[in-house]
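The values are calculated or read from the model by the stated rules, or taken from the named source; none is laboratory data. This structure is a prediction, so every number in the text was calculated from the model and none was measured. Cβ coordinates were reconstructed from backbone atoms using ideal geometry, including for glycine residues, and neighbour counts include every protein chain displayed. Protein only, heavy atoms only, side chains kept; ligands, DNA and RNA dropped before computing areas. Shrake-Rupley method; radii C 1.70, N 1.55, O 1.52, S 1.80 Å.
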Amino acid sequence: MTLIKSISGIRGTIGGKPGDGFNPPDIVKFASAFGTWLKGKSKSKKVVIGRDGRISGAMVKNLVTGALQAAGLNVVDLDLSTTPTVEIAVPEEKAAGGIIITASHNPKEWNALKLLNERGEFISAKDGEEVLSIAARETFDFVGVNHLGTVERNDSYIDRHIEKILKIPLVDTNVIRERKFNIVVDCVNSTGGIAVPRLLQSLGVANIIKMYCEPDGKFPHNPEPLPENLYEISKTVKKQKADLGIVVDPDVDRLCFVMDDGSMFGEEYTLVAIADYVLQHKKGNTVSNLSSTRALRDITEKHKGRYFGAAVGEVNVVEKMKEVKAVIGGEGNGGVIYPELHYGRDALAGIALFLTFLAKSKKSISLMRAQYPNYFMSKNKVVLSPEINVDEVLAKMREKYKNNPHTTVDGLKIDFEENWVHLRKSNTEPVIRIYAESPHASTAENIAKKIMRDIKELVKT
């Protein structure tokens, strides 16, 4: 069993003893800590909560609701919802914050609490440390029986979220309707099964073929939207002669597309294509994390904007986007952040912008993909013995490659003429993760292997 406490929340596997898994005492403890922290930060007594379709979702929601009520907070319960929908609801409700009950792309055994501030954005590292400190010290602030919080159920926010997307000036339902798209969707039996078909209908999509859209948490395959997990939708897109396939993760903040020939558009290229469309109409800057494809930089510079890299993690990307006034940003895992709507990864907004762009282009999705530069990424890791000082190893690697352009914003990223490699240390184990990218798959693999050899040589000496 696994329980991981971090500055962004608590996650783990269901079952086992307290402290060893994501279990009732741990859930109540952390929700109580967050409720106590919120009361010290805001005059509002409202908290918005929502959950994905996981089997454990209702159980976890009941525990979280009770803990927040005991802290004297009034719960606005969206129940089955999406991460971006909860993010939108928090400021709409003038709430002190929010909790999303989801383990994102993790398998069904996992669940988690994602914590939001009053803006509907993930709490900062500093705020997360304060919440963890309250939980560790158990300095909770519970109220008497006459001051217990209330619970209000609100099922309207997915529709309200869709309404906001339809009002985005760059979303054109007329051009989508005229294109008469035939689309297959795979929502991995989570809340995307509620939101995505509803959105597509509102956008005017002619025919929607639904796969795994029952939000019962019985994931039919690994829920991370990677090519190796998408065999069935690939086959269905070809069989149905569909224009494309759409895949989201369980909490609908990651988005990827399947092309008309059944091949993958590329999760890294979701943001690239949408940024291309946005930048054609809104000149400005872009941001992605340092482990995302260089193609976003290429597209940004083509449109006379500036690209900026941020440390891995949505909160870091959002912070950088605000700093440089980016018009679009996100992460290479299919996470699109469109600040005109809100500062959070939003697959629903991504779908609407992408379909508008595709419809206006009058191209097939495979022809659209062919217009972007091809980069190949190799993802690896080096496992070190516990006594090895990982920071020291990274410092020595920085010295070794000091003559190359590099950044230490998040680990060590080294740029070469056409290629790059990013070394990041794990926060939970003695591991260095290595991401390398190149226009050639073999080159990306060779760069990663060379860096791994370099690390092993440094460790030996």
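Assorted remarks:
- For the range 195-205, a residue qualifies if it is in contact with a helix residue (DSSP H, G or I) (Cβ under 9 Å, 6 or more places away or on another chain) and either exposed (fewer than 14 other Cβ atoms within 10 Å of the Cβ) or over 19 Å from Val48 (Cα atoms) (or both), and the qualifying residues are Val196, Arg198, Leu199, Leu200, Ser202, Leu203, Gly204, Val205.
- Within the range 227-252, being open to solvent by 10 Å² or more (accessible area, probe 1.4 Å) and touching a strand residue (DSSP E or B) at 6+ places or on another chain (Cβ under 8 Å) holds for Pro227, Glu232, Ser234, Thr236, Gln240, Lys241, Asp243.
- Of the residues making up the range 393-410, none is modelled with pLDDT under 90, over 16 Å from Ser291 (Cα atoms) and either hydroxyl-bearing (Ser, Thr, Tyr) or surrounded by fewer than 17 Cβ atoms within 10 Å (Cβ to Cβ) (or both).
- Inter-residue pairs, beta-carbon under 9 Å, first open to solvent by 100 Å² or more (accessible area, probe 1.4 Å) and in the range 133-156, second at pLDDT below 95, 6+ apart: none
- Hey, Ile55 part of a loop (DSSP other than H, G, I, E, B) and of a type in the set (A, V, I, L, M, F, W, C) or not: yes
- If you go through the range 333-363 and keep only what is more than 15 Å from Ile176 (Cβ to Cβ), open to solvent by 10 Å² or more (accessible area, probe 1.4 Å) and not in a strand (DSSP E or B), you end up with Asn333, Pro339, Glu340, Leu341, His342, Tyr343.
- Checked against (1) free of Cβ contacts under 8 Å to residues at least 60 places away in the same chain; (2) in a strand (DSSP E or B); (3) more than 23 Å from Leu199 (Cβ to Cβ); (4) not charged (D, E, K, R), Met321 meets all criteria but (2).
- The set of residues in the range 170-186 being open to solvent by 70 Å² or more (accessible area, probe 1.4 Å) and without any contact (Cβ under 8 Å) to a residue 40 or more places away in the chain consists of Asn174, Arg177, Lys180.
- Test: residue in the range 272-286 that is farther than 25 Å from Lys360 by Cβ and not in a loop (DSSP other than H, G, I, E, B): no
- Count of residues meeting criterion [open to solvent by less than 20 Å² (accessible area, probe 1.4 Å) and assigned to a loop (DSSP other than H, G, I, E, B)] in the range 82-120: 8
- Residue check, Glu224 closer than 21 Å to Ala58 by Cβ and of a type in the set (D, E, K, R): no
- Within the range 313-330, the residues that satisfy the criterion of being buried (at least 20 other Cβ atoms within 10 Å of the Cβ) and touching a Lys or Arg at 6+ places or on another chain (Cβ under 9 Å) are Glu314, Val317, Ala326, Val327, Ile328, Gly329, Gly330.
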